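Asker: Mind having a look at this structure? Questions to follow.
The values are calculated or read from the model by the stated rules, or taken from the named source; none is laboratory data. As the structure is a prediction and not an experimental result, all values here were calculated from the model. Quick reminder, even Gly has a Cβ in these numbers, built from the backbone with ideal geometry, and neighbours come from all protein chains shown.
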């Protein structure tokens, strides 16, 4: 859901709380959930929900095949990533 200005998404939790996300966040974040999406039987891209140090949440995406393979093999929740200005991410630490 977008706020009235249409600039921030709101993610609702099962407990009724909410996080505001910003499309322009760049910097460190921690993965709290992710999925690898398949197309035609092959990994296509990954989407990850990440918490920022300010307590906001951001959504990032990657199509890097070696990263997709690692995300299918290893657990990525809790890992620190660097969010780029293009909405992508690079892992910088293990959980």
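Asker: Within the bounds of region 71-82, is there any residue that is farther than 19 Å from residue 27 by Cβ, surrounded by 14 or more Cβ atoms within 10 Å (Cβ to Cβ) and either out of contact with any helix residue (DSSP H, G or I) (no Cβ under 8 Å at 6 or more places or on another chain) or without any contact (Cβ under 8 Å) to a residue 40 or more places away in the chain (or both)?
Answerer: Yes, region 71-82 contains at least one residue that is farther than 19 Å from residue 27 by Cβ, surrounded by 14 or more Cβ atoms within 10 Å (Cβ to Cβ) and either out of contact with any helix residue (DSSP H, G or I) (no Cβ under 8 Å at 6 or more places or on another chain) or without any contact (Cβ under 8 Å) to a residue 40 or more places away in the chain (or both).
Here is a yes/no grid of residues against (1) surrounded by 12 or more Cβ atoms within 10 Å (Cβ to Cβ); (2) at pLDDT below 95; (3) in contact with a helix residue (DSSP H, G or I) (Cβ under 7 Å, 6 or more places away or on another chain):
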{"site": "1", "(1), (2), (3)": "no, yes, no"}
{"site": "6", "(1), (2), (3)": "no, yes, no"}
{"site": "10", "(1), (2), (3)": "yes, yes, no"}
{"site": "17", "(1), (2), (3)": "no, yes, no"}
{"site": "34", "(1), (2), (3)": "yes, no, yes"}
{"site": "49", "(1), (2), (3)": "yes, yes, no"}
{"site": "52", "(1), (2), (3)": "yes, yes, no"}
{"site": "68", "(1), (2), (3)": "yes, no, no"}
{"site": "86", "(1), (2), (3)": "no, yes, no"}
